[in-house]
Amino acid sequence: MGSWQRLLLFGGVSLRGGGGTSVPLGRSQVLVCRRQLSGGDSETLKQRRSQILSRGLPKQKPIQGVKQVIVVASGKGGVGKSTTAVNLALALAANDSSKAIGLLDVDVYGPSIPKMMNLKGNPELSQDNLMRPLLNYGIACMSMGFLVEETAPVVWRGLMVMSAIEKLLRQVDWGHLDYLVVDMPPGTGDVQLSVSQNIPISGAVIVSTPQDIALMDAHKGAEMFRKVHVPVLGLVQNMSVFQCPKCKHKTHIFGADGARRLARTLDLDVLGDIPLHLSIRETSDTGQPIVFSQPESDEAKAYLRIAAEVVKRLPPPLK
């Protein structure tokens, strides 16, 4: 028992802080603290806390015209999440040409979609004063990168970021989409919670390399979605293996099958493996994603298989 607890329970008159100062407590405050620490009313307190927290949660509202939302997330940056999101969107369209696909980039501080999708310019406004997505390769795209200069840093506090997320979610005229793929920022912070709590999400795809450090954060990301009742469709093991283009020798630079071990721990599936390949990086940097520019390559086919696995695991679309 710590010194402040002994003082609270046995002294009954003051609470000592870390700086050595004492704060007087009234009789009723001491009784409340004693009851809380005793654990006798712990269940009642939990229920009361849940009621208070639930009051502040926004009510989920579907995005107008969008049937299903798929978020692509990672616990850590630099694992290829945006590359996966772009190629997943293109693969969904390639697997079923009758489906309309959109791509939303909510990584406010580091938007990658404009470069990867070879798009520039500002969105036009509809008659309803909604932003119209930019279109390339048959995919409707919206990103913070269309609203600021390419080299301009977004130096915003949390409230401004949340306002921007709200605009990206609610002030875009998507028309009619079967799937909206959302490229989330890395981590488990305000943006992830805001998106998860404001719109119904059909499923989340977690991207990680096989490296232990990346898997630790991927684990946190999957657990976060579970806590906010978003189905986790599975894991994508990115940069799974490197094959030398000359001798064809395979090297597991980031480790072997780490995502599969994590999937077993979380009782999830691995949706597919994406190799560490030069062509994936080159096509992304030039704005011609590999699913579009090299559809017959093994790397593109890997994304196509992942897209098929994602669709199989989605719940029925909204009516």
- request: Just give me the residues in segment 160-191 being within 28 Å of Val311 (Cβ to Cβ), small (Gly, Ala, Ser) and within 15 Å of the chain's Cα centre (by Cα), in sequence order.
  value: Gly187
Considering residues of segment 262-289 that are of a type in the set (Ser, Thr, Tyr) and in a helix (DSSP H, G or I) only, the residue surrounded by the most Cβ atoms within 10 Å (Cβ to Cβ): Thr283
- prompt: Looking at (1) modelled with pLDDT under 85; (2) closer than 22 Å to Ser82 by Cβ; (3) surrounded by fewer than 22 Cβ atoms within 10 Å (Cβ to Cβ), which is the only condition Ala259 fails?
  reply: (3)
- request: Output yes when any residue across segment 153-161 is surrounded by 20 or more Cβ atoms within 10 Å (Cβ to Cβ), in contact with a helix residue (DSSP H, G or I) (Cβ under 9 Å, 6 or more places away or on another chain) and under 14 Å from Val71 (Cβ atoms), and no when none is.
  value: no
- request: For Lys67, state whether it is open to solvent by 10 Å² or more (accessible area, probe 1.4 Å) and either among the acidic types (Asp, Glu) or part of a strand (DSSP E or B) (or both).
  value: yes
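The values are calculated or read from the model by the stated rules, or taken from the named source; none is laboratory data. On a predicted model such as this, the values are computed, not experimentally measured, just so you know. Because the Cβ atoms are built from the backbone with ideal geometry, glycine has one as well, and the counts that use them run over all protein chains shown. Each accessible area value is taken on the protein alone, full model and side chains, heavy atoms only, with ligands, DNA and RNA left out. Shrake-Rupley method; radii C 1.70, N 1.55, O 1.52, S 1.80 Å.
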